[in-house]
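Down below is the structure, laid out as structure tokens.
Every number here is computed from the coordinates shown, using simple stated rules; none is lab data. Computed from a prediction, not measured in an experiment: that's the story for all the values here. Ideal geometry is used to build each Cβ from the backbone, glycine not excepted, and the neighbour counts take in all protein chains shown.
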Amino acid sequence: MRIKGTFLDEISHDIPHQNWGRKEWEDDFRYMKKAGIDTVILIRAGYGKWQTFHSNVLTREEGAFTPPVDLVKMFLELAEQNNMDFFFGLYDSGKYWVEGNYQKEVDVNKKFIDEVWKKYGNMSAFKGWYICQEISRKTGQIIDLYADLAHHCKLVSNGLPVLISPYIDGVKNVSQYLTDTTRKNGVSLRQHETEWNEIFDGIKNVVDIVAFQDGHVSYEDLESFLRINKSLADKYGLECWTNSETFDRDMPIKFLPIKWEKLLLKLKMADLAGIENAITFEFSHFMSPQSAYLQAGHLYNRYMEYLDQLKSKNNGFQKTGCSI
Amino acid sequence: MRIKGTFLDEISHDIPHQNWGRKEWEDDFRYMKKAGIDTVILIRAGYGKWQTFHSNVLTREEGAFTPPVDLVKMFLELAEQNNMDFFFGLYDSGKYWVEGNYQKEVDVNKKFIDEVWKKYGNMSAFKGWYICQEISRKTGQIIDLYADLAHHCKLVSNGLPVLISPYIDGVKNVSQYLTDTTRKNGVSLRQHETEWNEIFDGIKNVVDIVAFQDGHVSYEDLESFLRINKSLADKYGLECWTNSETFDRDMPIKFLPIKWEKLLLKLKMADLAGIENAITFEFSHFMSPQSAYLQAGHLYNRYMEYLDQLKSKNNGFQKTGCSI
Amino acid sequence: MRIKGTFLDEISHDIPHQNWGRKEWEDDFRYMKKAGIDTVILIRAGYGKWQTFHSNVLTREEGAFTPPVDLVKMFLELAEQNNMDFFFGLYDSGKYWVEGNYQKEVDVNKKFIDEVWKKYGNMSAFKGWYICQEISRKTGQIIDLYADLAHHCKLVSNGLPVLISPYIDGVKNVSQYLTDTTRKNGVSLRQHETEWNEIFDGIKNVVDIVAFQDGHVSYEDLESFLRINKSLADKYGLECWTNSETFDRDMPIKFLPIKWEKLLLKLKMADLAGIENAITFEFSHFMSPQSAYLQAGHLYNRYMEYLDQLKSKNNGFQKTGCSI
């Protein structure tokens, strides 16, 4: 199992910013490429009043602040230079859908999607969409929100693929603003399966890829959840990837890079569950040689050694349990 | 708007120490100078039993531990070498005034001020005083404490200027020892104005400069608070600076360097509010190329690019909204 | 007072992993050696399902995950190369003894000790054992657990020394998963003395060295606790070392390297209490020039300057109060 993609965490909810300029981003895309990454996913193009480029829609309708640079353009250019696919993450108001007004969240995003496609749709690296409203359970009108947004994305873009990356409502689903790292009860396997069966049924025709975050359940339960995710995705014709988080959810500091042993174990479990592609949240803070967290550079080195082992063992990658 | 000054955060309440020796401090003062900083403010010369130099007063009366080096002397020398003004932050007992005994806090500080002026008053960089008891509201006998300490500082030093740096009791006024980053209610604009009107009235003759911390209110409310601060300071003849924090209050890790976009936005708002000088808390952890937090070095680079833009745009700095 | 030993914090409960490979560890042992460290103590060989080498006992009986490398072998080799003593930390289930089943904790560890000694007992650096179940009070059957494990360690290894490193139930004994750094009440000196008198009496024939952690009490109370620890250890014939923590317990970020001034103060207090040896938790994160926390490298430099001062002052180390 290899990591084929990474999120780009600008704008971040909870990971302190690295203050990189274009030069650092150019280098980072090269480091990604060298590690076999061919897909980058903008985590969200806007959040509340913050935006990644000067959007007329967000500025006018949401009162968004004017950003100093156009990150979307830069990321698209760097993706093109490195022959990568870029997925565009939508706008998260941080309030409308949270407070139950799903329609308003959809409405502002539809205008935003139109603007974005008009502005960047001709750039060659623009290869898909990412719906950034993260969920774990079938609550509210989340199915409608996903279906409406995905449908609109495909409509304007001649059917480009749509990705979602939900989380599992597990024992480690604890707010990053609480200090605990675990809670007593997580969702059961059965309940998770029931709810996601219904969600997938409602979005199956417009969402193409689901990549569950893999960090919210205990390591010993992970493989079972991965197997359910894969089997449900197969049932409804979605591609099932794993979003293998590269930060460590078990530590008091929220968050620093994960221990390589843990990442390896998660990738191995995904492989055993029959999942073929991994993406991660995210390369630039938690896995990059130029990350402000120096543990990340060492994680990169361990991962590169692992890729070398795969290559020398298999003379090319084979999807077998023992290859990891 | 440019940053003209920085605090020196030794002794720190809550920011882990960098363990720098004289060489690192020499380099840091040069980095500051290069970024246009001409004023350094010792955040506090003592806190509880910790002190920045061997004070007879604090050792005898507070049982302070013997420090390994004389930081005050070193900072004064480095300020002199770099042609900077040094403001001396007083002693914070961490208990007397907190428990309501304002007089005791004043008394120990008066003796301390006498000792300090006798020991360091002849050093050329000693250009002002900073009262380190941070407040946000008119509580207890804070007016008397400020007025008495400021008066004594000026008395012994032939009228050197006195600086305070209060915070706003806003939605982000949350203990660094809690994990939340916001709370439900902050002080209203009107209440803030009422209380600070009264405080300024009580200290107007002895405090010269007020630099409110700018990190405790939401970004969308900041400009309104800055305008009130400026207008109140004007009314009572105080200089109004902004203390533009260079750490990020919105993140679970408390605290790492701020995103450049946020700092820029805050400086811009201060400029729009008519404020002419900015200082920051603080350069060495959050903005220095040699900070242990590597995000800080990138913030330095972004800020230096911004200074270059100002220079090339204006061929010298002009105070206009568009210059930022 | 010098630091003669350090823990090796693999597997960690709460300190994010640095993802070092063999090269980084080789360098780190050299840095340790240069700083006078001659003893390394594996903090624990297994915790829950994580293990530092592929143990048949832990894999079979605890369902432990397969680790990617054999850390124990590597540490033993590096200790040998650097002429250091290696102490082996046992297995902590994280549950049996915590839930009151002390016998089960002892039973699995006895089998584990047998396996470990058979596998690594012939390596020349294997010089002692460390019982990793950390305690601060006489609770449950902790005396029996310590005595049984220590006895078994000595039995299989022809009497190699056994080390424990308890903590003091002081005002800073606060969970790393809470944000507070202090609590209202800590154990009293008298109560601490009473309970440890009883514990030492129960383990005196099989535990050789006790190194209390020095970070859970206030700086002003520390010397008194150190004196009690030393006097109790003397009474029962145990060697009394201090485990002088090199991370800072007073900060919101849990945990970054300690301020040099604080470490120096603690070492000085231990010296005044008549303690002759210090170990630390731990070098590689908090004191190493290659730590991901750059404050650690500066702490190393400050400590090396201190060693130089000791050398030049004393032309060799003498145990006097003024030497620090």
(request) Please give the residues of region A:99-124, grouped as numeric ranges, whose backbone N is less than 20 Å from a label point set 7 Å along the Cα-to-Cβ vector of A:ARG60. (result) A:104-121
(message) Using a 10 Å cut-off around each Cβ, can you sort C:SER175, C:SER93, A:SER288 from fewest to most neighbouring Cβ atoms?
(response) C:SER175, C:SER93, A:SER288
(request) Run through the other copies and list how far each one's label point is from that of C:GLY274, in nm with one decimal, shortest first; the point sits 7 Å from Cα along Cα-Cβ. (result) 7.1, 7.1
(request) Give the order of C:SER157, C:SER312, B:SER188 when sorted by the count of other beta carbons within 10 angstrom, beginning with the fewest. (result) C:SER312, B:SER188, C:SER157
(request) Any aspartates and glutamates with Cα under 15 Å of the C:LYS110 Cα? List them, leaving off those in the same chain fewer than 8 positions away. (result) C:GLU61, C:GLU62, C:ASP92, C:ASP144, C:ASP148
(request) Among the listed pairs A:LYS262/A:LYS311; B:LYS111/C:LYS254; A:LYS49/B:LYS127; A:LYS49/B:LYS33; A:LYS268/C:LYS119; B:LYS266/B:LYS311, give every one whose C-alpha distance is greater than 31 Å. (result) B:LYS111/C:LYS254; A:LYS49/B:LYS127; A:LYS49/B:LYS33
(request) Taking every Cα atom in the protein assembly as shown, find the radius of gyration and the maximum pairwise distance Dmax, and write them in Å. (result) 29.6, 83
(request) Binning at 5 Å from 0, report for region C:132-225 what percent of all alpha-carbon pair distances ends up in each bin. (result) 2, 12, 23, 22, 17, 12, 8, 4, 1, 0
(request) Can you tell me the relative contact order of region B:118-245? Whole percent, Cα pairs under 8 Å, sequence separation 6 or more. (result) 27 percent
(request) Please report which chain B residue places its beta carbon nearest the axis carrying chain B onto chain C, with the distance rounded to a whole angstrom. (result) B:THR179, 3
(request) Excluding residues fewer than 8 places away in the same chain, name every one of the aspartates and glutamates whose C-alpha is closer than 15 Å to that of B:LYS184. (result) B:ASP169, B:ASP221, B:ASP250
(message) Once you place label points 7 Å from the Cα toward the Cβ at B:LYS311 and A:HIS13, how far apart are they in nm?
(response) 4.2 nm
(request) Would you work out the relative contact order for chain B, in percent, from Cα pairs under 8 angstrom that are 6 or more residues apart? (result) 17 percent
(request) Over every pair of different alpha-carbon atoms in region A:196-324, take the mean of 1/r and invert it; report that Kirkwood radius in Å. (result) 15.6 Å
(message) Rg over Rh of region A:3-319, using C-alpha atoms and the Kirkwood radius, what does it come to?
(response) 0.94
(request) Report, ordered by chain and residue number, the lysines lying within cross-link reach of B:LYS235, taken as a straight Cα distance under 17 Å and ignoring same-chain residues fewer than 8 apart. (result) B:LYS204
(message) How would A:LEU310, C:LEU76, A:LEU8 line up from fewest to most surrounding beta-carbon atoms within 10 angstrom?
(response) A:LEU310, C:LEU76, A:LEU8
(message) Taking a point 7 Å out from Cα toward Cβ as the label site, list the nm distances between A:THR59 and the same residue in every other copy, smallest first.
(response) 6.2, 6.2
(request) With runs of 4+ DSSP H residues as the only contributors, calculate the mean residue ellipticity of chain C at 222 nm using -39,500 (n - 2.57) per run, divided by the residue total and rounded to the nearest 500. (result) -13500 deg cm²/dmol
(message) If you consider only alpha-carbon coordinates, what radius of gyration and Dmax does region C:21-173 have, in Å?
(response) 15.6, 43
(request) Every other copy gets compared here: list the nm distances from the C:ASP114 label point (7 Å along Cα to Cβ) to its counterparts, shortest first, one decimal. (result) 7.6, 7.6
(message) For region B:1-106, which chymotrypsin sites (Phe, Trp or Tyr not before Pro) pass both filters: DSSP loop (anything but H, G, I, E, B) and at most 14 other C-beta atoms within 10 Å?
(response) none
